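Notes to accompany the following structure.
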Amino acid sequence: MGVTSLVTGNCGTSVTDVGEFLGRIGQKPLAVNLATLVAHGSVRRKVMGLDDRAPTPEELKQMEALVEQAMKDGAVGLSTGLIYVPGTYAKTDEIVDLARIVAQYGGLYATHMRNEGDKVVDAINESIHIGEEAHLPVEISHFKISSKNLWGQSPVTLGLVREARARGLTVTVDQYAYTASSTSLDSRLPTWLRAGGLEAAKKRLADKDAGQRVVKEMKEGLKRSGFKDYAFAMVASYEPDRSFNGKSIAEITKQVRGKSDVKDQIAQIIAMYEAGGASMVYHGMSEPDVQNIMREPFTMIASDSGVRQIDESVPHPRGYGNNARVLGHYVRELKLISLEDAIRKMTSLPAQTFGFRDRGMVREGFAADLVIFDERTISDRATFDKPHQYATGISCVIVNGESVFAEGQMTGARPGAALRRFGANN
């Protein structure tokens, strides 16, 4: 299995000066290998702040320069987070323009699409359009259907990818092996409300008409998604009151306000947003769709998780068990895919997709990045209720030829490296 981490930056991280970033981490001992994509959201924030508008010609030139420098410094491509501020304010042509710069340097376009719910088809088509217009490969992050009203439509969404591949565009997707996603609480709020940041949003919320508009749009969003309320939305981490961790918005609203109708749940979400926000887990997908997506040969396995720390939070279990879950549950127990294909989805396919030419396979001359596991016992133990549990069945992890994990514990070795795009200036 691969042990290279990708800092995609598409969900709010601030990777703009890739050369400085890779140089900085290259000076520190790392347990794993790490590469980066240049984050569109961070580039836009640096040039335009959190404004909800199109860039001026001069601002677009500044963004182009930042993206080009990042590619020269070794970024493997451009990432977008089009449901997040400020990426959500970018029109398609802005992304195409920046993607064309990336194409000149052999990079790819990796995207957290603009919509994974009721407009998921439109979002997939936009992603493919960007790749075709800019002439570069497309990687769609954590491919899913998060609208209950569209459960069962994965043959349609996967078909769009197949059609694009048949036309000659290189398109891949990645997936985590769960029916719940995880992101911020503010992703539930209208994008126009969040323009300019939290303080600007608070001022808008103080206006009665704006507040009523928020409630109306959030109710409409629930209806489109097929959920009757926010019982599917669980708090992973809320610093102002950690007793909320592990509880649903519906439960918290009942606890705080004594009732739990949708309007009160929306009021509770707004109050938590104004207090600094929360990390959330959203139970919004169907198991048949997860399995359909996993079967596809162009689907990679990815956790979409940061490094976890054992604390009072109740995060998504994918940070502890994703790959082990695929190997134990979907390969050994369900026999949904073969062991060999699962390993390919975790190793050679991601390496080839992101341009790591000497990684992802056991071959003479390739970097020795290896995971040794027992296919009979490997299993995830992390659950949504008790996520802070390590997987079992893995005996050794080797990075660049050195053991970093053995006999149930970290060895202390840090042979990881900062990886740059093939052919980039080092």
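The values are calculated or read from the model by the stated rules, or taken from the named source; none is laboratory data. Remember, predicted model here, so these are calculated numbers, not experimental data. Using ideal geometry, Cβ is built from the backbone for each residue, glycine included, and neighbour counts are taken over all protein chains shown. What goes into the accessible areas is simple: the full protein's heavy atoms, side chains included, and nothing from ligands, DNA or RNA. Shrake-Rupley method; radii C 1.70, N 1.55, O 1.52, S 1.80 Å.
Determine the per residue accessible area of the range 101-200 with all protein chains present and a 1.4 angstrom probe, expressed in square angstrom. Display every interim value, and only then the final one.
Working: 3560 Å² over 100 residues.
About 36 Å² of surface per residue is accessible.
Cut-off under 18 Å on the C-alpha distance; same-chain residues fewer than 8 positions from residue 259 excluded. Which lysines are left, in chain and number order? The qualifying lysines are 219, 228, 247. Convex hull volume of the Cα atoms of the chain, normalised per residue: 141 Å³. Derived value for the range 300-419: Kirkwood hydrodynamic radius 15.4 Å. Basis is the mean of 1/r over every pair of different alpha-carbon atoms. Per-residue ellipticity at 222 nm from helix content only, as computed over the chain with -39500 (n - 2.57) for each DSSP H run of at least four residues, stands at -11000 deg cm²/dmol. Calculate the length of the line joining the C-alpha centroid of the range 51-112 to that of the range 302-323, in whole Å. For the range 51-112 versus the range 302-323, the Cα centre distance is 28 Å. Mean projected area of the Cα convex hull of the range 207-266, taken over all directions, amounts to 4.6 nm². Please work out whether the range 43-139 counts as rounded, prolate or oblate from its C-alpha gyration tensor, where a ≥ b ≥ c are the square roots of the eigenvalues and a/c under 1.5 means rounded, while otherwise a/b larger than b/c means prolate and anything else oblate? The shape class here is oblate. Only beta bridges with both residues in the chain are counted; by DSSP, about 50 percent of them are antiparallel. Shape annotation for the range 173-287: C-alpha extents along the principal axes are 42, 34, 25 Å, from largest to smallest. Fully extending the segment from residue 389 to residue 20, taken as 0.36 nm per residue of separation minus the present Cα-Cα distance, adds 129.4 nm. Spatial offset of the range 267-292 relative to the range 165-179 amounts to 23 Å, using the alpha carbon center of each.
Please compute the contact order of the range 82-194 in relative form: average sequence separation of alpha-carbon pairs under 8 Å and at least six residues apart, divided by the residue count, as a percent.
Values: 142 pairs, mean separation 29.5, N = 113.
Computed over the range 82-194, the figure is 26 percent.
Charged side chains reduced to their Cβ positions (Lys and Arg at +1, Asp and Glu at -1) give the chain a dipole of some 580 debye around its Cα centre.
For the range 274-426, give the percent of accessible area contributed by carbon and sulfur heavy atoms, probe 1.4 Å, rounded to a whole number. Here carbon and sulfur together make up 49 percent of the probe-accessible area.
In a DSSP loop and with at most 12 other Cβ atoms within 10 Å, the trypsin sites (Lys or Arg not before Pro) in the range 159-193 are 167. Over the Cα atoms of the range 271-326, what is the Rg over Rh ratio if Rh follows Kirkwood? Ratio of gyration radius to Kirkwood radius: 1.06. Placing unit charges on each Cβ (+1 for Lys and Arg, -1 for Asp and Glu) gives the chain a dipole about its Cα centre, and among 299, 268, 309 the Cα reaching farthest toward its positive end belongs to 268. From the alpha carbon centroid of the range 130-144 to that of the range 352-426 is 26 Å. Kirkwood-based Rg over Rh for the range 70-196 (C-alpha set), two decimals? Radius of gyration over Kirkwood radius for the range 70-196 works out to 0.96.
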